[in-house]
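The values are calculated or read from the model by the stated rules, or taken from the named source; none is laboratory data. Everything numeric in this text was worked out from a predicted model, so none of it was measured. In this analysis, Cβ positions are derived from the backbone assuming ideal geometry, glycine residues included, and neighbour counts consider all displayed protein chains. Heads up: the accessible areas ignore ligands, DNA and RNA and are worked out on the full protein's heavy atoms, side chains in. Shrake-Rupley method; radii C 1.70, N 1.55, O 1.52, S 1.80 Å.
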Amino acid sequence: MSYFANAVNTTFNGSQFLTNAHLGNTLVAHQIYFSIMARQKGIIKLKGKIGDLSFYKTKDGYLAREKGGIDKERMKNDPAFQRTRENGAEFGRAGKAGRLLRTSVRPLLLKAADGRVASRMTREMVKVVKSDTSNDRGQRTASEGAVELLKGFEFNQNGKLNATMYAPFTAAIDRASGEATVEIPDFIPQNTFAAPGGASHMRLVAAASKVDFEEETFNLDTDESNEIAIGPQSEAAITLTATVPSTGDQPIFLLFGVEFLQEVNGTMYPLKNGAYNALALVEIDNTIPGPL
């Protein structure tokens, strides 16, 4: 058993943590779950099960997890876990809202999103849910929260917009007309954009998504520029406009991004499957603003 103790590096004592939970610890269920995981160290990495330990590989490396947890019925009914149930319900709503927002702009995410965009957005959406001042704890929703908190969210950590474009632009949403616009003043591409190696051209993209979190529906419209050579030439100002229905009080999200391309024999190809494409939430119009 000493070998496995050396092979696994753990910063938590799982049994002690669960004892605290039985005494009324109100951490949410997913916190309990992650607390009994450990990272494997050493030359030999294990996969599979040994007794109550499960060894497996993830994006974060080789991990080990101890079997256990709180009884399901007790979690559902024990008054000591009331806070846990409330947190779990709101975490679930945040995840659902984040998934709907991502789905609404999926055509753009196919070209510009990192592997952790779902978890990162859920984390931010939890803040939105918690900003709801209309409902009691455990009943708060994203639809009545401050979705403006999502402004500035980067969908691709490997190609952030604020580290890709070095020029001012203006983003605005006109709810009366349903028009969402991004205006880029005249620019010199090679001085304005930090293009990755191999990119010969780029395309600017904008999208407006009007999302109904309660009905789980959305309206999406996109606009994009022509292919722009990444060179020393001067480019005229560009205005991108996306239009969504003007009726209804659902929030409108405006996204802006850059797609890098490589020209080969007159044909444009996405560069490295979009790994360095930038896309961010640059403006949000919410008729039910929450506290910021």
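Rolling a 1.4 Å probe over the protein heavy atoms leaves Y276 with an accessible area of roughly 90 Å². Pairs exceeding a 19 Å alpha-carbon distance, out of K96/K210; K59/K151; K59/K96; K127/K151: K59/K151; K59/K96. A simple spin-label model places the labels of Q190 and A237 2.6 nm from each other, with each point 7 Å out along Cα-to-Cβ.
Could you calculate the contour length gain from N162 to R106, that is, 0.36 nm times the residue separation minus the distance between their Cα atoms, to one decimal place in nm?
Values: separation 56, 0.36 × 56 = 20.16 nm, distance 2.13 nm.
Extra length from N162 to R106 when fully extended: 18.0 nm.
Once the chain from E227 to N273 is taken as fully extended at 0.36 nm per residue, the excess over their C-alpha distance is 14.9 nm.
Modelled this way, with points 7 Å down the Cα-to-C-beta line, the labels at E183 and A118 are 4.0 nm from one another.
Excluding ligands, DNA and RNA, the accessible surface per residue across the stretch 78-156 is 45 Å² with a 1.4 Å probe. Across the stretch 109-123, coupling constants 3J(HN,Hα) worked out from phi with the 6.51/-1.76/1.60 Karplus curve, θ = phi - 60°, read 5, 4, 10, 7, 7, 8, x, 10, 4, 5, 5, 5, 5, 4, 4 Hz, and Gly and Pro carry x. Taking a ≥ b ≥ c as the square roots of the eigenvalues of the Cα gyration tensor, the stretch 110-172 is oblate, since a/c reaches 1.5 or more and a/b is not larger than b/c.
Considering only protein heavy atoms, what per residue accessible area in square angstrom results for the stretch 191-292 with a 1.4 angstrom probe? Show your work: numbers first, answer last.
On the way: 4690 Å² over 102 residues.
Accessible area per residue, the stretch 191-292: 46 Å².
Put simply, the convex hull of the Cα atoms in the stretch 200-255 casts, on average, a shadow of 4.8 nm².
Taking amide H as placed 1.01 Å from N in the peptide plane, the amide H of Y62 sits under 5 Å from that of Q40, each at least 5 places away or on another chain.
Please label the shape of the stretch 151-259 as rounded, prolate or oblate, based on the square roots a ≥ b ≥ c of the eigenvalues of the alpha-carbon gyration tensor (a/c under 1.5 means rounded; beyond that, a/b larger than b/c means prolate, else oblate). Mind showing how you got there, number by number?
On the way: a/c = 2.65, a/b = 1.89, b/c = 1.40.
It is prolate, given that a/c is not under 1.5 and a/b is the larger ratio.
The string of couplings for the stretch 170-186 from the Karplus curve (6.51, -1.76, 1.60, θ = phi - 60°) is 10, 10, 8, 10, 10, 5, 4, 9, x, 8, 10, 10, 10, 10, 10, x, 3 Hz, one whole number per residue in order, with x for Gly and Pro.
Of interest is the spacing of the C-alpha centroids, which for the stretch 93-131 and the stretch 231-292 amounts to 16 Å.
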